[in-house]
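The values are calculated or read from the model by the stated rules, or taken from the named source; none is laboratory data. Fair warning: this is a prediction, and the values are worked out from it, not measured in the lab. For neighbour counting, all protein chains shown are included, and Cβ atoms are generated from backbone atoms with ideal geometry for every residue, glycine included. These area figures cover heavy atoms from the full protein model, side chains too; ligands, DNA and RNA do not enter into them. Shrake-Rupley method; radii C 1.70, N 1.55, O 1.52, S 1.80 Å.
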Amino acid sequence: MSIEVGSKVQGKVTGITNFGAFVELPDGKTGLVHISEVADNYVKDINEHLKVGDEVEVKVMNVEADGKIGLSIRKAKPQAERPERPQRPRRDNNRSHERNDRQPKENFEQKMARFLKDSDERLATLKRATESKRGGRGARRG
């Protein structure tokens, strides 16, 4: 029996690590259930959910070219058993349209002129601050 992505199979937990559990599949191959795929809620300690020797139903998520098999326990459960996650309201992070409504549109030349003016002002301020600290080189003598 070949392992196909998307198929559900019974397996036996053969090992538990801090990042997941190794499950032996019917054809003798071993796959990994990542800790994020054990349960629908946050899993801090995988030992609270699984023990070595447990029989579990897993869904094959991926099969790598080097033979690694990714498995999921939570996706193997039927939809009716899985609790629905509440949808978080989405925030509109792109608020640039609010700023643009208040400011008149600038063309490229206006933006460039404003940038050069700001840049020259900043350089002049920086130059004044550094020259006065050096004690000479253009500082006022009197």
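Observations on the structure shown:
- Coupling constants for region 13-21 follow from the phi torsions by the Karplus curve (6.51 cos²θ - 1.76 cosθ + 1.60, θ = phi - 60°), and in residue order they are 5, 10, x, 10, 10, 6, 10, x, 10 Hz; glycine and proline get x.
- Distance (nanometres) between label positions extended 7 Å along Cα→Cβ at Phe115 and Glu131: 2.7 nm
- Cα-Cα over 18 Å, subset of Lys44/Lys77; Lys12/Lys77; Lys29/Lys75; Lys29/Lys68: Lys44/Lys77; Lys29/Lys75
- When a 1.4 Å probe is rolled over the protein heavy atoms, the share of accessible surface on region 7-72 that falls to carbon and sulfur comes to 49 percent.
- Cα convex hull, region 12-72: 80 Å³ per residue, rounded to a whole number.
- Positive minus negative residues near Gln10 (Lys, Arg vs Asp, Glu; Cβ under 12 Å): -2
- Local net charge near Ile35, Cβ-Cβ under 12 Å (Lys/Arg +1, Asp/Glu -1): -1
- Mean Cα-pair separation over length for region 7-72, i.e. relative contact order, pairs under 8 Å, 6 or more apart, %: 37 percent
- Amide H contacts of Ile16 (H built 1.01 Å from N, in plane; Pro and chain starts excluded): Phe22 sit under 5 Å, all sequence-distant by 5 or more or on other chains.
- Given their separation in residues at 0.36 nm each and the Cα-Cα distance between them, Ser36 and Lys8 gain 8.3 nm when the chain is fully extended.
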